[in-house]
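Bear in mind these aren't lab numbers, they're just calculated from the coordinates by the rules spelled out. Since the structure is predicted, the reported quantities are computational estimates derived from the model, not experimental observations. Backbone-built Cβ (ideal geometry, glycine too); neighbour counts: all protein chains shown.
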């Protein structure tokens with residue numbers, strides 16, 4: 001039997017998603033809890049391998065097991081064995097050919113940036129922070145250069161294992177709400193550090209270091225050295241993973257544009 005699960009977690013409490021020898025990743029904690037319920041070893045595959053410090057509002061993963069359990073066991077039973085910072089939201093049986101990563105049509109990442117002269121305390125680890133004033137109009141003009149299918153090598157980590165740097169950015173949005181700037185990007189897939197590298201470049205534009213057209217030049221260069229440094233993971237959230245309706249997965253995403261209160265309270 002193959003089971004798909006939806007998961008949310010506070011990434012600041014873990015060493016990323018992917019299993020590591022330390023055993024302190026989201027995948028490690030989930031696999032141990034699932035194994036207790038299944039009575040056998042369980043291996044997860046996820047829609048996105050989030051880095052240390054990156055959060056998830058709607059991660060999707062799947063596993064195979066010979067154990068027959070009520071769906072509630074894969075949710076409440078597993079959650080009883082997990083750290084408070086991670087929780088399974090739903091579990092459903094899926095067809096044998098479903099794959100959390102390869103069956104996904106798109107992924108949406110959101111970045112919450114606290115744009116204020118003084119760093120946050122209560123929201124530490126859950127928002128990015130930049131102290132100088134930022135111009136959202138200039139950042140929107142810059143982000144427009146990224147829409148569509150491109151080679152995103154300029155925003156790709158040297159550790160990226162993707163076979164191709166070509167991705168299609170289907171939509172983006174930048175919205176200011178008080179002292180918070182909310183960024184949203186939806187694409188068929190993302191390269192390692194791609195969103196954080198884009199945020200770093202948008203901050204350069206927003207603070208006036210470069211004009212909006214500079215981001216298009218960075219994109220065209222396909223040279224990571226031309227882009228800004230990788231921005232903090234603190235405000236980054238895997239917000240949604242889209243699948244074809246035929247898989248019949250539960251709806252699992254809040255509004256596309258969100259207020260900080262939806263994420264932070």
Tilt relative to the chain, helix 194-206 - C-alpha long axis, 0 to 90 degrees, to 10: 30
Answer label, with mean projected area of the Cα convex hull in nm² calculated from the coordinates and candidates (i) 22.7; (ii) 13.9; (iii) 15.3: (ii)
Cα-based helix-to-principal-axis angle, 26-38 vs the chain, degrees rounded to 10: 20
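What value does region 106-238 have for Rg/Rh, both radii from Cα atoms and Rh as Kirkwood defines it? Before the final figure, lay out each step's value.
Values: Rg = 13.8 Å, Rh = 14.7 Å.
That ratio equals 0.94.
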Alpha-carbon Debye profile of region 61-130, log10 I(q)/I(0) at 0.20, 0.24 Å⁻¹: -0.96, -1.10
Protection-proxy order for peptides 18-30, 162-174, each taking the mean of Cβ atoms within 10 Å per residue, highest first: 18-30, 162-174
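Can you tell me the relative contact order of the chain? Whole percent, Cα pairs under 8 Å, sequence separation 6 or more.
On the way: 591 pairs, mean separation 61.0, N = 265.
With pairs under 8 Å counted, the relative contact order is 23 percent.
Treat the count of other C-beta atoms within 10 Å as a stand-in for reagent exposure and order 137, 94, 218 from fewest to most.
Details: 137 11, 94 20, 218 25.
Result, fewest neighbours first: 137, 94, 218.
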Kirkwood Rh, angstrom, region 6-92 [1 / mean 1/r, Cα pairs]: 12.7
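Where does the chain land at 222 nm, in deg cm²/dmol rounded to the nearest 500, when only DSSP H runs of n ≥ 4 count, each adding -39500 (n - 2.57), divided by all residues? Write out the running numbers ahead of the final one.
Values: 5 runs with 48 residues, N = 265.
So the helix-based figure for the chain works out to -5000 deg cm²/dmol.
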